[in-house]
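Heads up: the structure comes next, in C-alpha cells.
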Amino acid sequence: MIKHITVSFLAVSIGCTLAYAKDVTPGFNNLIPESILTPDSVETSIGKLSFFDGMPDAETVTKVYDNLDTIRATEVFLDMVPAASMEGMRLGLASLGASASNQVMMFDQLLDSNPLFLTGNTDTVYSAVMFDLERDGPTVVEIPAGSGPSTVNDAYFRFVTDMGAPGPDRGKGGKYLIVPEAYEGEVPEGYFEARSPSNINLMVLRGFLVDGKTDAAVRSVKEGLKVYPLNQKDNPPTMEFISGSTVPFNTVHSNDFSFFEEINDVIQREPVDFLDPELRGQLSSIGIQKGQAFDPDERMTKILTDGVAIGNATARALLLRPRDESAYYYEGSQWFTAFLGGDYQWLIDNGDGGRNLDARTAFFYGYTLNTPAMVLKMVGAGSQYAVAATDEKGEYLDGSKTYRLNIPGNVPAKDFWSVVLYDPQTRSELQTEQPFPSKNNKRDQLEVSSDGSVDLYFGPTAPKGKEGNWVQTVPGKGWWGIFRLYGPLEPWFDKTWRPGNFELLDGDDNL
C-alpha cells in the first residue's frame, strides 16, 4: 500500500513538472505574457526595427530618435501656431510703423486684398494696436462710447478681455487697465482691470459702416481711442493713426524652417511661465528654451524642416477638410463651422475631455482673434460664420471654373450678410482685379430673384447679365469662402434657414 502511494505521488510530481516546463517561456523561469515581449524584428511605418532580446540595434536607435524628433517638431508646429500667428501680426504692424501703444494701424478704407491678413472681412473698419507690458508697464486703453466689438489677446492668442459692446463697459465706453498677470501694484478707481500672462498684447477694434461708408467708425476711433502707459496718464503721447488699406504688407507666419526662429523670438521675449511646462517641454526637446541659444545642427535642421512641412500639411487638412462630422452645419452640406466645439478655449465637454488640439490648430491657422463672444448665441447681435472650401460634390473650389451659390430669401441677419473669398495659400483675401473679393447685401447692388433669394456667381469671368452678383476668381488657383451674418436671428441658430452649396456650372444653360 505504501509503495503504491509513493509511485502515484512520483507520477503526479513528474506530470506537474512536465506541465510546468511546457509553460515556461524560453530564457525565463516562468511563462512571460507575449504582449510585453518585443520580437527580434518589427515592420512599422518608419521601416523595419531590429532588436537583440529587446535591445534596439544601432540602426533602430538612430531611426526611432529621428522619428521622435520629427514628431516633436510637428507637434511644436501644430501647438505653436497661435504664438506664431501673433508674432506675424506684430511684425506686420511694425513694418507699417505701428509698434508703440499709441500707434494704431487702421483699415480706414476697409480691408482690401493687398494686405496679407488671415481671413479678415471686407465689411468692418479694423483698428489694431500692439502694446508691450514689459516695455511700458500697465497700459491704459480708453474706449469711446458706441465702439463695436473689441478684443485684447495675449501673445498666444488667448483671450484677455473684451471691450465695447461685449465688454464690461457694455458699449458705454470707459477706461481699461491691462496689467501683467503677476502685477501687485494698485489699480486706480474707475478702470476695468484685465490681466495678461504675456508682455505682447494685441487689441483689435471693429467699427461698422454707416450708409455703406467708413466715415463714422473712423471718426469715432480717431476722436475717442487712447492707449498709453499708466505712468504717462497725466501726459499721454499723441495718438498716431496709420492706414493699412491698399498697402501690401504681411501679418502671416512662416510655414518653413523660419517658423521655429519666429517662435524662438517669442519665447525669448516673453516670461518663462507664459506657457505651461508641457508646451515648454515640447519646445526644449527641439532646442527652443528661454535664455538658451537656438542653434540646431545639420541633422536637427533637416528634421525640423521635415517636421514643419508635415505640420503645415496637417494644419491645412484640419482647416479645409475637417474630419469631425460635428463641424458641419447640415447633413449633406459643405458648410462647416470655424469654431469647432463651441468653446473659445477649445475644451471638450467643459474640460472633461481635455482640449481639442486639432480644433485649436485649425482655428489659428486660418483665423485671427479669440473671444468668448465668437461662440455665444446672441440673437440679433454679434456675428456668425460658415466656411466652405468644396462644391456640392465635395471637390475643392477651382478658380478656373464657374459656380453658383444660392442665398435663400429672408436671410436671418438683422444687420447684413456677406460672402468673402480667400486664397488657400495665404488664408488672406483672394487677390484679383476686384479690390474686394466679396459681396455684401448692404454695400453692393445685388440682383434679387422674385422669391427674394440671391444667386451669387464665382468664376474667372462674369456670366452674361450677372456682373453685379459676380465675384472674380483666378484660373489655376483654388479658393474658399466664408459666409457671415451680422446680427444673426433665430432661423440661423435653429437651422430652419440654410445657404445653398457652391454649385458647379457647366455652361450658360445653367444660368
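When a/c reaches 1.5 or more, the comparison of a/b and b/c decides; with that in mind, is segment 240-314 rounded, prolate or oblate per its Cα gyration tensor?
On the way: a/c = 2.32, a/b = 1.42, b/c = 1.63.
Oblate, because a/c is 1.5 or more while a/b does not exceed b/c.
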Problem set entry | Assigned charges on the beta-carbon of Lys, Arg, Asp, Glu; segment 254-319 dipole about Cα centre (debye) | 140 debye
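For a 31 Å ceiling on Cα separation, which of these pairs sit above it: Lys226/Lys477; Lys63/Lys393; Lys466/Lys495?
Lys226/Lys477; Lys63/Lys393
Using a ≥ b ≥ c from the Cα gyration tensor of segment 129-174 (square roots of the eigenvalues), is it rounded, prolate or oblate, where a/c under 1.5 gives rounded and otherwise the larger of a/b and b/c decides, a/b for prolate? If you can, show how the numbers build up before the last one.
On the way: a/c = 2.80, a/b = 1.62, b/c = 1.73.
Oblate, since a/c reaches 1.5 and b/c is not below a/b.
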For this session: Would you order Ile310, Ile263 from fewest to most other beta-carbon atoms within 10 Å of each residue's own beta-carbon?
Result: Ile310, Ile263
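Ile36 to Gln445: extension gain in nm, 0.36 nm per residue of separation minus the Cα-Cα distance? The partial results should precede the final answer.
Numbers: separation 409, 0.36 × 409 = 147.24 nm, distance 7.04 nm.
Extra length from Ile36 to Gln445 when fully extended: 140.2 nm.
Please arrange Ile178, Ile200 by how many other C-beta atoms lie within 10 Å of their C-beta, fewest to most.
Details: Ile178 27, Ile200 24.
By the 10 Å Cβ count, ascending: Ile200, Ile178.
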For this session: Hey, can you grab everything whose amide H is under 5 Å from the amide H of Trp470? Only 5+ residues off in sequence or another chain; H modelled, so Pro and N-termini drop out.
Result: Tyr457
Seminar exercise, completed: In the structure shown, of Lys222/Lys414; Lys213/Lys464; Lys439/Lys464; Lys48/Lys302; Lys175/Lys222; Lys172/Lys442, the pairs separated by more than 24 angstrom at the C-alpha atoms are Lys222/Lys414; Lys213/Lys464; Lys172/Lys442
Exercise. Is the shape of the chain best called rounded, prolate or oblate, per the rule: a/c under 1.5 gives rounded, else a/b larger than b/c gives prolate, else oblate, with a ≥ b ≥ c the square roots of the Cα gyration tensor eigenvalues?
Worked result: prolate
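What is the antiparallel percent of DSSP beta bridges lying wholly in the chain, to the nearest 5?
Details: 68 of 82 bridges.
Counting DSSP beta bridges with both partners in the chain, the antiparallel share is about 85 percent.
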For this session: List, in order, the whole-Hz ³J(HN,Hα) value for each residue of segment 169-177 obtained from phi through the Karplus relation with A = 6.51, B = -1.76, C = 1.60 and θ = phi - 60°; use x for Gly and Pro.
Result: 7, 6, x, 8, x, x, 9, 10, 10
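Given contacts defined as C-alpha pairs under 8 Å and at least six residues apart, what's the relative contact order of segment 321-510, whole-number percent? Don't skip to the answer; put the middle values down first.
Values: 363 pairs, mean separation 53.6, N = 190.
Result for segment 321-510 is 28 percent.
When only C-alpha pairs under 8 Å and at least 6 residues apart count, what is the relative contact order of the chain, in percent? Working shown, then result.
On the way: 999 pairs, mean separation 79.7, N = 511.
Computed over the chain, the figure is 16 percent.
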Exercise. Using 19 Å as the cut-off for backbone N distance, which residues of segment 120-163 belong to the label zone defined by a point 7 Å from the Cα of Ala182 along Cα→Cβ?
Worked result: 132-139, 154-156
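Bear in mind these aren't lab numbers, they're just calculated from the coordinates by the rules spelled out. None of the values given here were measured: they were computed from a predicted structure. Cβ sites come from the backbone with ideal geometry, for glycine too, and all protein chains shown count toward neighbours.
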